[in-house]
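**Student:** To start, I am sharing the structure in question, which I have written as structure tokens.
The values are calculated or read from the model by the stated rules, or taken from the named source; none is laboratory data. Only a predicted model underlies this, so the values are computations on that prediction, with no experimental measurement involved. Neighbour counts run over all protein chains shown; Cβ positions are idealised from the backbone, glycine included.
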Amino acid sequence: MKKIFRVLILLVLTIPAFAQIRQPGQVQPANPTLKVGGTDLDYFAPKEYIIGGTTVTGTQFLDKDVLITLSKLTKGDKIVLPGEATSDAIKTLWGQGLFDDIKLNIDKIVEDTVYFEIQVVERPRLSSIDLKGVSKSDRTSIQEKLNDKTGKIVNDNLYNTTSAIVKKYLLDKGFFFTTITYKTRKDPNAENSVVLEAYIDKGHRVKVQHIDFTGNKDFSAGNLRKYLKNPKQHEWWRFWGSGKFSKEKYDENKVKMIAKLHEKGYRDAELLKDSIYQYNAKKVNIKMDIYEGKKYYFGKITWAGNGIYSDDILNKVLSIQKGDIFSEDKLNKKLNGGGENGGDVNSMYTDNGYLTFNIDPVQTKIYADTVDIEMRIYEGPQFTNNRITVKGNTITNDKVVLREIRTKPGQKFNKSDLIRTIREIGQLGNFDESKTVPTPRPNPADGTVDIEYAVQEKPSDQIELSGGFGGGRIIGTLGLTFNNFSLKNIFNLKAYKPLPKGDGQKLSLRGQTNGKFYQSYSFSFSQPWFGGEKPVSFGVSAFTSLQSNGFDSGSASYQKIRLNGVTVSLGRRLNWPDNYFQLSHAVNLQQYILNNYSGYLFSTGTSYNLNLSQEISRDSRDSPIFPKSGSFIRFTIQATPPYSLFNKVNYATASDKQKYKFTEYHKWKFDSQWYQRVGGNFVIKAQAQFGFLGQYNSAVGQSAFERFKLGGDGMQGFDFLQGSELIAMRGYANNTVIPVGSNPTIAQQSGSPIYTKYVLEARYPVISSQQATAFVLAFAEGGNTWNKFNDFNPFNIRRSVGVGARIFLPIFGLLGIDYGYGFDAIPGLPSANKGQFHFSIAQQLGGF
């Protein structure tokens, strides 16, 4: 019995040597022991030893000295054997999660010196992670987040962090109930390494069944859901939008919801807590506990530190009265949020040179439901612009950018001019507007400010290379547009990259043909700053086109129309009524040569069209590609000399050759476009257009040329009959919106002298970057044409609705596709309004 008791005591005392902490998922060491090499230890008489040394065996990648340090079995230290030190050493090493097995041996004992050996089996390391159960794009995105895991020890920590990263990624995409299981396989290409196979079950992408609120009294649950915006609660009648839950958007919109309560005067409102819990496999419920607090109002508003402007002027700009609902957001906007158009206190100062102006609204007293505010102002000195520099323009010459800059040296600093300059640089088309960053550097010693504009070049040249099928034949098109051309370097071979660039000029070349049936070639060149000193633009263009039936020119059946033309234009910017206006003049000469060609008022002969056009426009759009605000208005008058009033020709008896040799008309056009951002990134575009072709002499009649053709995509392609102006109207086939009661065949060929068109369009951006800009849209259009002004009725229109998309690629320009459905039938053209697809390439953004 005494012997058995001694054995039990011995086991109890040696437990610390065996005890080890096993991590979840880790394998217990096969034989965690303290072995004594031929030396008996008296467990009833522990003895103190000096550690003579410790060796480590079994390591492949780990530093042995570090392991010895961690074990605290350091040479020269004292240790009691048997004792806690040996079990603590094993516990510490095992706790690192680096080993599959650990053994601690006493190699030998020499008198009072002990020598240890630590035997370890390292855990395998990760060579790669093989993700299964997700798409290729998701796999790529997740792998980018997991790249730093390669080479790590495969243990519970690796499993946990990998799971967290994968689940976070999928959670942001609406997958709430993701499960992941793991397997490992040996990597034959790497020693002691494994491939981790992660089997991912994403489950369903969830929607929200209910959003419930507690604590709300003044705000209904419906209003709070509206302020939350996203996600949307499931409703049987809501058929638009995906309704998919996004954790990232949810977190953003929680903040916006509370900000909306603050805006309504509930300055103490906060979200106390919220929870998301499972409704079923495809849906979740959300519960939010709201503290509203009470509604506050503005009290007394006082000003301190203002010397430039009086309290009355500042109060007028602030436009907040005592008793108005308290809103910090409204207050901040009135103080600092006016943007380019001003209208806030900050802009009033900074537009007058006070660059370092600062205002601090301090809530001095809060009593009952009222908040008194003191506006503490630091006006600072008035600054004058000094050095204006540009950096980042690696292709475009400095002068091209500097001439668009409105912050001129010697002028008072003006924040609105700074913002306007960003817009003007973006309008050049050579730079990424989002990357244009102005940096004012004040010099308080002399009251000046240096301004540096950092820009980033983007591709601006465009190419149009396409093949199509029209009129039963293949058509090829090649167009090149160089938007940053340099004419002065045309003979400098070193400047060709592939053409000379940098002076902001525009050169365009275009050709289209299908052989001998149709050919069209055009050339244009424009210089926005003619002479380089003033904003006077100069342009010249020329074109020639031929359409025939393909017969030999000597044949009696040969039909053709050739159009030749040249245009010279001058334009300049105006400062009145404001500096958004432009005025341009152009002289156009065109020659029409017809040979047995029907569709006009004469079929054989030559006609000349010499006209002068004047155009005044105002463009305040904030972007040329995807405007979010601003407007575009243009009024154009184009007229020829009134030949019939002085050429003494009797038009009652005149031949077609005499009557139509010199085309005469006066032409009036108007276009207006308005853009307004609503509901975040949604943009509404409203447009109205009108065109009228008038005559000088009723004996001559309407001009055979310059008429309007309404309907379709508005693109000038194979079916373009020269001498007409094509106006796009989606939902109807090309040129099919003809006057009521007219002959369809004749009306489609000749066009109409009067038209009007209206557009209402909702746009939403899907891509916004330097490489591309893309947006989707829904539209409603209405328009019509008339032969006589007495028949004109702007409310009698053909209607259509549809959807579409646009993408702007710097090398190709603006590409578009639309599907429209016309509601109103066109007599004689039964298929004109039965739903139409429309494609567009590099259409002008102005509308004509």
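**Student:** Please list, ordered by residue number, the strands (runs of 3 or more DSSP E) wholly in the range 188-297 having 1 or more residues that are over 28 Å from residue 170 (Cβ atoms).
**Tutor:** Result: 207-214, 270-278, 283-291.
**Student:** Hey, does the range 141-154 have a residue that's under 30 Å from residue 266 (Cβ atoms) and of a type in the set (Ser, Thr, Tyr)?
**Tutor:** No, the range 141-154 contains no residue that is under 30 Å from residue 266 (Cβ atoms) and of a type in the set (Ser, Thr, Tyr).
**Student:** Right, here's the next one. Would you pick out the residues in the range 63-90 that are farther than 12 Å from residue 104 by Cβ and among the hydroxyl-bearing types (Ser, Thr, Tyr)?
**Tutor:** Within the range 63-90, 69, 74 qualify.
Residue-wise test of (1) touching a strand residue (DSSP E or B) at 6+ places or on another chain (Cβ under 8 Å); (2) in the same structural domain as residue 533 (by TED's automatic domain parsing); (3) in contact (Cβ under 8 Å) with a residue 40 or more places away in the chain; (4) of a type in the set (D, E, K, R).
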residue	(1), (2), (3), (4)
573	yes, yes, no, yes
576	no, yes, no, no
583	yes, yes, no, no
612	yes, yes, no, no
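**Student:** Output the residue which, of all residues in the range 793-813 that are aliphatic (A, V, I, L, M) and either buried (at least 20 other Cβ atoms within 10 Å of the Cβ) or out of contact with any Pro (no Cβ under 8 Å at 6 or more places or on another chain) (or both), is nearest to residue 760 (Cα to Cα).
**Tutor:** 801
**Student:** Going by the structure shown, is residue 671 in contact with a Lys or Arg (Cβ under 9 Å, 6 or more places away or on another chain), touching a residue at least 24 places away in the same chain (Cβ under 8 Å), closer than 21 Å to residue 585 by Cβ and acidic (Asp, Glu)?
**Tutor:** yes
**Student:** Given the options 163, 127, name the one that is buried (at least 16 other Cβ atoms within 10 Å of the Cβ), of a type in the set (Gly, Ala, Ser), within 23 Å of residue 60 (Cβ to Cβ) and under 47 Å from the mean Cα position of the chain (by Cα).
**Tutor:** 127
**Student:** Return yes when residue 792 is farther than 24 Å from residue 510 by Cβ, assigned by TED's automatic domain parsing to the domain that holds residue 687, touching a Lys or Arg at 6+ places or on another chain (Cβ under 8 Å) and among the aromatic types (Phe, Trp, Tyr) and no when it is not.
**Tutor:** So residue 792 does not fit the description; no.
**Student:** Looking at the range 435-452, which of its residues are among the acidic types (Asp, Glu) and closer than 15 Å to residue 418 by Cα?
**Tutor:** 450, 452
**Student:** Still on this structure, please answer the following. Select from the range 820-841 the residues that are free of Cβ contacts under 8 Å to residues at least 60 places away in the same chain and within 29 Å of the chain's Cα centre (by Cα) and list them in ascending order.
**Tutor:** Hit for the range 820-841 is 837, nothing else.
**Student:** For residues that are of a type in the set (Ser, Thr, Tyr) and in contact (Cβ under 8 Å) with a residue 40 or more places away in the chain, scanning just the range 56-95, find the one that is surrounded by the fewest Cβ atoms within 10 Å (Cβ to Cβ).
**Tutor:** Among residues in the range 56-95 that are of a type in the set (Ser, Thr, Tyr) and in contact (Cβ under 8 Å) with a residue 40 or more places away in the chain, the one surrounded by the fewest Cβ atoms within 10 Å (Cβ to Cβ) is 57.
**Student:** Give just the number: which of (1) in contact with a Lys or Arg (Cβ under 7 Å, 6 or more places away or on another chain); (2) not assigned by TED's automatic domain parsing to the domain that holds residue 83; (3) not in a helix (DSSP H, G or I) does residue 183 not satisfy?
**Tutor:** The single condition residue 183 does not satisfy is (1).
**Student:** Filter the range 585-610 down to the residues that are hydrophobic (A, V, I, L, M, F, W, C) and either at positive phi or not in a loop (DSSP other than H, G, I, E, B) (or both) and list them by number.
**Tutor:** 586, 587, 589, 593, 594, 610 - these are the residues of the range 585-610 that are hydrophobic (A, V, I, L, M, F, W, C) and either at positive phi or not in a loop (DSSP other than H, G, I, E, B) (or both).
Conditions (1) within 30 Å of residue 298 (Cα to Cα); (2) surrounded by 20 or more Cβ atoms within 10 Å (Cβ to Cβ); (3) over 34 Å from the mean Cα position of the chain (by Cα); (4) without any contact (Cβ under 8 Å) to a residue 12 or more places away in the chain, marked per residue:
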site	(1), (2), (3), (4)
372	yes, no, yes, no
382	no, no, yes, no
401	no, yes, no, no
407	no, yes, no, no
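**Student:** Take residue 817 and tell me if it is of a type in the set (A, V, I, L, M, F, W, C) and assigned to a loop (DSSP other than H, G, I, E, B).
**Tutor:** no
**Student:** Looking at (1) among the β-branched types (Val, Ile, Thr); (2) modelled with pLDDT of 90 or more; (3) more than 23 Å from residue 693 (Cα to Cα); (4) in contact with an Asp or Glu (Cβ under 8 Å, 6 or more places away or on another chain), which is the only condition residue 811 fails?
**Tutor:** (2)
**Student:** Here is a further query. Among the residues of the range 723-771, how many are outside any strand (DSSP E or B), exposed (fewer than 15 other Cβ atoms within 10 Å of the Cβ) and among the hydrophobic types (A, V, I, L, M, F, W, C)?
**Tutor:** Looking only at that region, the number is 2.
**Student:** Determine, yes or no, whether residue 338 is out of contact with any Leu (no Cβ under 9 Å at 6 or more places or on another chain), surrounded by 15 or more Cβ atoms within 10 Å (Cβ to Cβ) and at pLDDT 95 or above.
**Tutor:** Here the answer is no, as residue 338 does not meet what is asked.
**Student:** Moving on. For the range 644-685: of the residues being assigned to a loop (DSSP other than H, G, I, E, B) and touching an Asp or Glu at 6+ places or on another chain (Cβ under 8 Å), which is surrounded by the fewest Cβ atoms within 10 Å (Cβ to Cβ)?
**Tutor:** Among those that are assigned to a loop (DSSP other than H, G, I, E, B) and touching an Asp or Glu at 6+ places or on another chain (Cβ under 8 Å), it is 663.
The rows are residues; the columns are (1) over 30 Å from residue 148 (Cα atoms); (2) aliphatic (A, V, I, L, M); (3) out of contact with any helix residue (DSSP H, G or I) (no Cβ under 7 Å at 6 or more places or on another chain); (4) surrounded by fewer than 18 Cβ atoms within 10 Å (Cβ to Cβ).
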| site | (1), (2), (3), (4) |
| --- | --- |
| 176 | no, no, yes, no |
| 196 | no, yes, yes, no |
| 215 | yes, no, yes, yes |
| 221 | yes, yes, yes, yes |
| 230 | yes, no, no, yes |
| 248 | no, no, no, yes |
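**Student:** Please pick out the residue among 370, 448 that is hydroxyl-bearing (Ser, Thr, Tyr), in the same structural domain as residue 326 (by TED's automatic domain parsing) and over 30 Å from residue 812 (Cβ atoms).
**Tutor:** 370
**Student:** Separate question: Counting just the residues of the range 241-277 that are of a type outside the set (Lys, Arg) and modelled with pLDDT under 90, which one comes out farthest from residue 207 (Cα to Cα)?
**Tutor:** So the residue we want is 248.
**Student:** Checking residue 614 against (1) surrounded by 15 or more Cβ atoms within 10 Å (Cβ to Cβ); (2) out of contact with any Asp or Glu (no Cβ under 6 Å at 6 or more places or on another chain), which single condition isn't satisfied?
**Tutor:** Only one criterion is unmet by residue 614, namely (1).
**Student:** Looking only at the range 546-584, count every residue that is part of a loop (DSSP other than H, G, I, E, B), aliphatic (A, V, I, L, M) and farther than 27 Å from residue 598 by Cβ and tell me the total.
**Tutor:** The total comes to 1.
**Student:** Please state which of the following conditions residue 418 fails to meet, knowing it meets all the rest: (1) among the hydrophobic types (A, V, I, L, M, F, W, C); (2) without any contact (Cβ under 8 Å) to a residue 40 or more places away in the chain; (3) not assigned by TED's automatic domain parsing to the domain that holds residue 429.
**Tutor:** Failed condition: (3).
**Student:** Are any residues in the range 42-62 within 14 Å of residue 106 (Cβ to Cβ) and either of a type in the set (A, V, I, L, M) or not assigned by TED's automatic domain parsing to the domain that holds residue 102 (or both), and if so, which ones?
**Tutor:** 50, 51, listed by residue number.
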